[in-house]
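The values are calculated or read from the model by the stated rules, or taken from the named source; none is laboratory data. Predicted model only: the values in this text are computed from it and were never measured. Cβ coordinates were reconstructed from backbone atoms using ideal geometry, including for glycine residues, and neighbour counts include every protein chain displayed. To get the accessible areas, we keep the full protein, side chains included, count just its heavy atoms, and leave off ligands, DNA and RNA. Shrake-Rupley method; radii C 1.70, N 1.55, O 1.52, S 1.80 Å.
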Amino acid sequence: MMTTHCLFCRIVAGEIPAQALYEDDEILAFRDVNPQAPIHFLVIPKKHIPNLFEVDMEDAGLLGKILFTAQELAITEGMGKRGGRFVFNCKTDGGQSVDHVHLHVLGGRALAWPPG
Ligand code: 5GP
Ligand code: ZN
């Protein structure tokens, strides 16, 4: 049964399959279905938070955990030497298409800057 309209909450609930890289009681990391680089995965809180503007100090530990998990997985994926990009797209100007906060981790090729 569909519990929510939020795509990433549905992935958390197991209603939509995803290629998980890491999961615990608070966060989930999974590969992006439309990768923009050889390595492209997302790290999300299981709790529904629409975007980075909606977090508060109570979420500080959760956000730290998201960043450190992203770091560990990026190293596991082979990004430790050459690096990559860690991105939160936010709201309209940020080009956010899924309104559940998610950290993009991209690597495996040189990435252009600034973004278009
Ligand atoms: P945004 O554009 O909001 O920053 O990023 C949303 C990301 O979610 C996009 O990179 C998109 O490819 C990814 N995405 C959208 N739907 C799905 C899905 O059903 N499964 C997975 N694994 N990724 C998705
Ligand atoms: Zn959600």
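Summary of values
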{"quantity": "Residues of segment 65-98 that turn out to be within 16 Å of ligand 2 (Cβ to nearest atom) and in a helix (DSSP H, G or I), as a count", "calculated": "2"}
{"quantity": "Criterion (modelled with pLDDT of 95 or more and not acidic (Asp, Glu)) met by exactly one of 84, 116", "calculated": "84"}
{"quantity": "Tally of residues being farther than 24 Å from residue 113 by Cα, open to solvent by less than 100 Å² (accessible area, probe 1.4 Å) and not polar (S, T, N, Q) across segment 55-82", "calculated": "9"}
{"quantity": "Matching residues in segment 32-54 - criterion: being within 12 Å of ligand 1 (Cβ to nearest atom), under 26 Å from residue 75 (Cβ atoms), surrounded by 15 or more Cβ atoms within 10 Å (Cβ to Cβ) and not β-branched (Val, Ile, Thr)", "calculated": "32, 37, 40, 41, 42, 52"}
{"quantity": "Some residue of segment 27-35 being over 13 Å from the mean Cα position of the chain (by Cα) and either assigned to a helix (DSSP H, G or I) or acidic (Asp, Glu) (or both)", "calculated": "no"}
{"quantity": "Qualifying residue in segment 5-25 (condition: assigned to a loop (DSSP other than H, G, I, E, B), on the phi < 0 side of the Ramachandran plot, at pLDDT below 95 and more than 14 Å from the chain's Cα centre (by Cα))", "calculated": "yes"}
{"quantity": "Pair list, Cβ under 8 Å, 6 or more apart: segment 83-109 residue farther than 16 Å from residue 36 by Cα and open to solvent by 60 Å² or more (accessible area, probe 1.4 Å), other residue hydrophobic (A, V, I, L, M, F, W, C) and more than 10 Å from ligand 1 (Cβ to nearest atom)", "calculated": "91/53; 99/6"}
{"quantity": "Some residue of segment 10-22 being in contact (Cβ under 8 Å) with a residue 24 or more places away in the chain and within 19 Å of residue 79 (Cβ to Cβ)", "calculated": "yes"}
